[in-house]
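Before any comments, here is the structure.
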């Protein structure tokens with residue numbers, strides 16, 4: 001028995017591209033789902049504007065729809081694997097702002113979701129989308 005291979009599991013690297021597809025699709029779907037109510041309901045958007053105002057965001061009437069559409073675009077980009085590195089950077093920046101402005105009031109546990117989205121954004125920004133992506137098709141183009 002080869003103990004180092006048993007510990008490091010190098011054969012799992014064969015699934016890297018599928019793992020990145022699963023990561024992109026699940027996080028992308030989560031981001032789209034998370035803002036869909038604001039896109040489809042003026043009432044929900046108004047609540048989001050009020051929420052941003054409560055936490056001292058500047059120009060909440062502008063920032064609320066802007067942020068909603070940015071998150072939607074990030075989610076769609078992750079799902080497709082399109083402009084993935086840019087989407088990863090935007091995701092990381094967006095959720096750093098969420099922690100600084102809102103989540104830090106809830107402590108570590110309350111910030112954890114945003115911290116995970118920062119980490120996912122940074123991984124996708126630095127690694128890229130993997131083989132199963134529009135980015136990969138365009139690069140071969």
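When the chain is treated as a Gaussian network with alpha carbon springs shorter than 10 Å, the biggest mean-square fluctuation among 125, 13, 98 belongs to 13.
So for 115, 137, fewest C-beta neighbours within 10 Å to most, what's the order?
Values: 115 15, 137 12.
Going from least to most buried by this count: 137, 115.
Compared with the dominant principal axis of the Cα atoms in the chain, helix 60-80 is inclined by about 20°. Taking the C-alpha atoms only, the angle from helix 16-40 to the longest principal axis of the chain is near 10 degrees.
In terms of surrounding Cβ atoms within a 10 Å radius of their Cβ, 26, 133, 111 rank from fewest to most as 26, 111, 133. Annotation for region 1-51 versus region 66-129: alpha-carbon center distance of 10 Å.
If you average the sequence gap of Cα pairs under 8 Å that are 6 or more apart and divide by the length of the chain, what percent do you get for the contact order?
Answer for the chain is 27 percent.
Please give the FRET efficiency for residue 106 paired with residue 61, using the beta carbon to beta carbon distance and R0 = 25 Å, rounded to the nearest 0.05. About 0.50, to the nearest 0.05. Angle of helix 107-127 to the longest C-alpha principal axis of the chain, folded into 0 to 90 degrees and rounded to 10: 50°. The GNM of the chain, with springs linking C-alpha atoms under 10 angstrom apart, assigns the highest mean-square fluctuation among 24, 85, 109 to 109.
Full-extension gain between residue 86 and residue 47, please, as 0.36 nm times their residue separation minus the C-alpha to C-alpha distance. The partial results should precede the final answer.
Numbers: separation 39, 0.36 × 39 = 14.04 nm, distance 2.87 nm.
Result for the pair: 11.2 nm of gain on full extension.
Here 27, 7 are placed in order of increasing Cβ neighbour count within 10 Å, fewest first, which gives 7, 27.
A short reminder: the numbers here are calculations on the coordinates, not readings from a lab. Predicted model only: the values in this text are computed from it and were never measured. Glycine gets a Cβ as well: all are built from the backbone with ideal geometry, and neighbour counts include every protein chain shown.
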